[in-house]
Every structure is written in structure tokens, then in C-alpha cells.
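Take a look at the structure set out below.
The values are calculated or read from the model by the stated rules, or taken from the named source; none is laboratory data. Remember, it's a predicted structure, so these values are computed and weren't measured experimentally. Every residue, glycine as well, gets a Cβ built from its backbone with ideal geometry; the counts of neighbours run over all protein chains shown.
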Amino acid sequence: MEAKKQGINTICTHVGEIKDEQFQGAVSPIFMSSSYAFMDVDVKRYPRYFNTPNQEGLCKKIAALEGAEDALIFGSGMAAVSTTLLAFLSAGDHIVLQKTLYGGTYNLVVEEFNKYGIEYTFTDGLDMDAFAKAITPKTKVIYIETPSNPLMTITDIQMVTDLAKANGIVTMIDNTFASPINQNPLKFGVDIIIHSATKYMGGHSDICAGAVAASKEHIFQIWNLAKNLGGSLSDMTVWMLERSMKTMAIRVKAQNKNAKKMAKWLDKNDAIDTVYYPGLKSHPDHLLAKAQMKGFGGMMSFELAPHIDAEAFQKALRLIKASMSLAGVESTMLCPAQTSHFLLGEEERKNQGIAEGLIRFSVGIEDKEDLIADIEQALAAVQEKAAISAH
Ligand SMILES: *Cc1c(COP(=O)(O)O)cnc(C)c1O
């Protein structure tokens, strides 16, 4: 009889834990060795071979969360992205990437791929025609990211994997914004799932790490390059990440709930123009998000009314931090035009629909009343200042 699949919180808490045989402690011991015996052992262990006890334990947890056979963890999200892409692309190959991508991934492609003779096409939309049109006989990989940063566009995962399979193409998804709690792309036929574990997996804004989940065969192919490129994660950080992930389902569900309430509140506020949150019925991809996500996530963005200055608004916040990165238990905001999408330039931002006054909001676990009070006081302070200077 097949064992009953464990619940998400049990997986987060226990899968992959290392038994403390010596002292029977409740948590995984941390093994810091960079040197292991090579004689009379089944596995030759070394941190850069991605196979220390702590690394292997955490990979089991991540694989279980995505429903995958295997996983690998890396020193950063970009180490996971770059190693995975290069493991499947050689000179002369072509890759199709969706148009709206994490800035670091976009930079990797446009700044580095020419050197390796890898050709690429960014789709001009997210519908089937846009993907189909971008495929060439040389296309080896289709790469998507949903929900996307910062406008929370939703890509139809099943549509992309059907198209890829019909053409013998490997599919990869950056699942960072959803987290494994809200979206499990393997169910929709994706081959390889990538996470910046710096975000929801870490969840406390104090870890930089990356992860990949896939079949054993695909993970082996990635590992073969990974051990040569060397982007492994230190066991100290692996252990911290294991600890963080025990509460991931609880955290992410609290963030889903908070975000939905904040999106509704912002949507009704006169000082806010458009709110981009897939959980809102007004979001153009709401039904698609509902079909492929278990929760709508803790990320959103919104446009301030034109008379409100984005910089002054962020400076006036007291509880919500204006800071880079996302997905921590603390709420943060940033202006993509000044930060994550600064390098794109004003024209390309306009092309992607990113307004200069757009604010990206990573909703934390604080009480929503306190978040609302903070935004209210910041809006009041900025509008008062604007009114005074108009006199
Ligand atoms: C942060 C992020 C990355 C890159 O991860 P790092 O840990 O910063 O290297 C990739 N994709 C998305 C969607 C991200 O938010």
C-alpha cells in the first residue's frame, strides 16, 4: 500500500531532517566538515559536490514540497538560474523566454549568452501565439516566470508545457513569487522548477540561496555542471534555511491572507490608481491564477495617483520598510523604476507597462490594521506636503 502523502506543514517541519543519534536532540545536527572519508564509503562527500548531509537533507524537503523526485540547492537564486540554463544550452542552441522576467535573469541572458553562442528570443506577450511564434527549430528551452515581477502577470503553465512537449522542448519555471506553498508547476507538466530561496523559503530576509526541483535525470544533468561551476551553499546557511522552511507554509498562508485584504483595501483607496494582484477579481488573469495556484501569494504592486510622489511616499512610511528584495515576514515596498528595473531604462519600462510611480509591495505577517494605518499616515503626510507647497 502506498504511504499516505503527508500534509504540507508536516513536510515543511520534518522531511529531510537528520536524526541526532548521539544526543537525541530534536533538530538536525549541523555537519560543517569539508573533508570526508573516501575509503569504504558509499558516497564521496564534499560541499561543492552538493552532497554533504545537511545539503542532502534540505534537498529532500524541497523535492517533497514540489512533488519532485530530486532537488539541488545553490549559493543564490541566480546560481540556480544560471547553472540550470547553461546545463541545457550549448553554442548554437536557442531559448525562448517570456517577456516579463526577473531583472537578474534578464541581465544574465542579454549580457552573457552571446559569449557562449546561445541565441534567445523574448516573447512579445504571454499568450500561445507569442510563445509559438518565438520557437525555432533550434529551440531547446522555454523559460517562464509566474506570477511575474512586478506586475503579477500570470502565464498559462499548461499551455506552455503542451506547446513545448509538442516540439520536444524542455520547460523551466521560476516559481519564486508563488513559493511551493501556492503553486506546484510539476502538476502542469513543467520539467524544471527554480526558486530564489532568498525569498519565501528563507522568509526572514537573512539568507541568500537558490533551489532547483526536477526529475532525477534532469537534476543529474544540472549537478554535472554545478560541481564544475561551484555555486554550492555553505552548510551553516543550509541549516538556517532548513530551520526557516519549517514555518514556510504557516508564513506564506498568513501572507496570502494579509495580501488579499491589503489589495482590496488599496483598490478602494482614492490615492491609489491601479492595484495588480492576481487575487483581485479585476485582475485580467484572475481566473487563470485561480486555476493554477493554491493561493494568490503575498506580492502585489500598485500605482499611486499621479499627484503623489513615489519617493516621498516611501520615505513617509514608518512600519513598512522601503527596501530591496521581498518575501520576508516584514512588509517591504520598493519602486521598481528606482531599483529592480532601473537598468531597463525608461523606454523599456514603458514598453513593459511599468509606471515610474509603481510601488511593489511585499506583504509580511504583521497585523493588517497596522499596515493600513502606516499607509494611511504616509499618504496623508505626502498629500499635506503637496498641498502646502502648492500654496
Ligand atoms: C530574487 C529573485 C531571483 C534571484 O535570486 P537571488 O537569490 O537574488 O540570486 C530570481 N528570480 C526571482 C523571481 C527573484 O525574485
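The table for this structure:
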item	result
Residue check, residue 317 closer than 30 Å to residue 249 by Cβ and either among the aliphatic types (A, V, I, L, M) or in contact with a Ser or Thr (Cβ under 6 Å, 6 or more places away or on another chain) (or both)	yes
Residue list for region 162-176, restricted to those being part of a loop (DSSP other than H, G, I, E, B) and either surrounded by fewer than 18 Cβ atoms within 10 Å (Cβ to Cβ) or away from the ligand (no atom under 16 Å from the Cβ) (or both)	167, 168, 169
Selection within region 128-160 - more than 24 Å from residue 303 (Cβ to Cβ) and either modelled with pLDDT under 95 or in contact with a Pro (Cβ under 6 Å, 6 or more places away or on another chain) (or both)	157
Members of region 182-200 that are assigned to a loop (DSSP other than H, G, I, E, B) and either within 12 Å of the ligand (Cβ to nearest atom) or closer than 17 Å to residue 8 by Cα (or both)	183, 184, 197, 198, 199, 200
Flag if residue 206 is in a loop (DSSP other than H, G, I, E, B) and among the acidic types (Asp, Glu)	yes
Flag for residue 312 being more than 16 Å from the ligand (Cβ to nearest atom) and touching a Leu at 6+ places or on another chain (Cβ under 8 Å)	no
Hits in region 62-104 (condition: in a helix (DSSP H, G or I), modelled with pLDDT of 95 or more and within 16 Å of the ligand (Cβ to nearest atom))	62, 66, 77, 78, 79, 80, 81, 82, 83, 84, 85, 86
Filtered residues of region 1-24 (kept if free of Cβ contacts under 8 Å to residues at least 12 places away in the same chain and either among the charged types (D, E, K, R) or surrounded by fewer than 10 Cβ atoms within 10 Å (Cβ to Cβ) (or both))	1, 2, 3, 4, 5, 19, 20, 21, 22, 23, 24
Failed item, numbered, when residue 252 is tested on (1) surrounded by fewer than 16 Cβ atoms within 10 Å (Cβ to Cβ); (2) touching a helix residue (DSSP H, G or I) at 6+ places or on another chain (Cβ under 6 Å)	(1)
Criterion violated by residue 223 - all others in (1) surrounded by fewer than 21 Cβ atoms within 10 Å (Cβ to Cβ); (2) free of Cβ contacts under 8 Å to residues at least 60 places away in the same chain; (3) assigned to a helix (DSSP H, G or I) satisfied	(2)
Residue in region 40-61 that is in contact with a strand residue (DSSP E or B) (Cβ under 7 Å, 6 or more places away or on another chain), within 18 Å of residue 218 (Cβ to Cβ), of a type outside the set (S, T, N, Q) and within 16 Å of the ligand (Cβ to nearest atom) present	no
Helices (runs of 4 or more DSSP H) contained in region 240-331 and holding at least 1 residues more than 24 Å from residue 387 (Cα to Cα)	248-268, 286-292
Qualifying positions in region 323-348 - buried (at least 18 other Cβ atoms within 10 Å of the Cβ), under 27 Å from residue 383 (Cα atoms) and away from the ligand (no atom under 14 Å from the Cβ)	331, 333, 335, 337
